[in-house]
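J.: Once you've had a glance at the structure underneath, I'll fire off some questions.
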Amino acid sequence: MHNHIAELRGNVRVFTRVRPFLPNDNVDPETEQAAVRVKTDGVGLSLQRPLDDGTLEAPQTFSYDCAFGPTVGQDKVFEEVSEFVQSALDGYSVCLFAYGQTGSGKTHTMQGSGAGPMRGIIPRAMEQVAEYKGRMEGQGWQYRMSVTFLEIYNEKVRDLLGQDGEDVEENRHEIKRDASGYTYVTNTVYVPVDPADQQQIDEIMSTAARFRTVGRTDMNARSSRSHSIFTLHLTAENETE
């Protein structure tokens, strides 16, 4: 029933999130109005840029499946996407893709920071997987899980979980497809994972962050300069069914 409802809502959904002003923006939110504003209906967004004469251009409006304003926390964002995690647990292939300009908050949304309210989608999703796994094991299900964490930078694939970072630079990785149509990357390190082990998840996030390609920009002192791909590989078996 869950996945049928998800299909009715749309297998492909587009959300937008507007981050708040940060200290490095050198903007006083009390006196300056943001050019991008989320509408009160929770799905619309308006763009109204200032003109040279001090006036504002006519607003442009856009509609999405969901729009998150600058005051919306990580928990609310995950609440909206958590059903995709459930679909993955039900055996469907699921992808959450964050796209935006440098410094817009993609890494913050997906990975977040710490163990509190700033946790991102990935650690929250792993927590949801752990809860589901615990319930289903009581019904005879057995799970095998591993994760990979890749980076695409300058047209090259790099493995962020390579031993001591050596694999990041030295091994050659190619994108291939097997006989069943499954796409995979060669010479990739698969790390067995217990989704209930928060410390292990944090260490994986920390290792990947340490080897990612970063650089300073006008919007962010330490900005990711690449695309990263975190994948949970999950297999479930029940010999009683």
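Coordinate-derived values only; no laboratory data. Remember, predicted model here, so these are calculated numbers, not experimental data. Cβ: placed from backbone, ideal geometry, glycine included. Neighbour counts: every protein chain shown.
J.: Give me the tail of P(r) for the stretch 79-200 as a percent: Cα-Cα pairs with distance above 21 Å.
T.: Counting every Cα pair in the stretch 79-200, those more than 21 Å apart make up 52 percent.
J.: Within 10 Å, count the other beta carbons around each residue, average over each peptide in 46-59, 141-154, and list them highest first.
T.: Packing order, densest peptide first, comes out as 141-154, 46-59.
J.: Still on this structure, I have one more. For a quick check, take a GNM of the chain with Cα springs below 10 Å and name the residue from 35, 196, 209 with the largest mean-square fluctuation.
T.: Maximum among the listed residues: 35.
J.: Using just the helices of the chain, give the 222 nm mean residue ellipticity in deg cm²/dmol: DSSP H runs with n ≥ 4 each add -39,500 (n - 2.57), and the total is spread over all residues, rounded to 500.
T.: Rounded to the nearest 500, the figure is -8000 deg cm²/dmol.
J.: Let me ask another. Net charge near residue 41: determine it from the other residues with C-beta under 15 Å of the C-beta of residue 41, scoring Lys and Arg +1 and Asp and Glu -1.
T.: The answer is 0.
J.: Let me ask another. Can you tell me which of 68, 97, 211 moves the most in a GNM of the chain? Springs connect C-alpha atoms under 10 Å apart.
T.: Largest GNM mean-square fluctuation: 97.
J.: For helix 198-211, what angle does its Cα long axis make with the longest principal axis of the chain, in degrees from 0 to 90 and rounded to 10?
T.: Rounded to the nearest ten degrees, it is 60.
J.: Here is a further query. Below 8 Å between Cα atoms, with a sequence gap of 6+, how large is the relative contact order for the stretch 34-108 in percent?
T.: Taking the mean separation of contacting Cα pairs over the length of the stretch 34-108, I get 19 percent.
J.: Under a 10 Å cutoff between Cα atoms, tell me which one of 36, 129, 157 has the largest fluctuation in the Gaussian network model of the chain.
T.: Looking only at 36, 129, 157, the biggest GNM fluctuation is shown by 36.
J.: Arranged from highest to lowest average of other beta-carbon atoms within 10 Å per residue, in what order do the peptides 174-182, 22-30, 132-140, 86-94 appear?
T.: The peptides rank, most packed first, as 86-94, 132-140, 22-30, 174-182.
J.: Among DSSP beta bridges lying fully in the chain, give the percent that are antiparallel, nearest 5.
T.: 90
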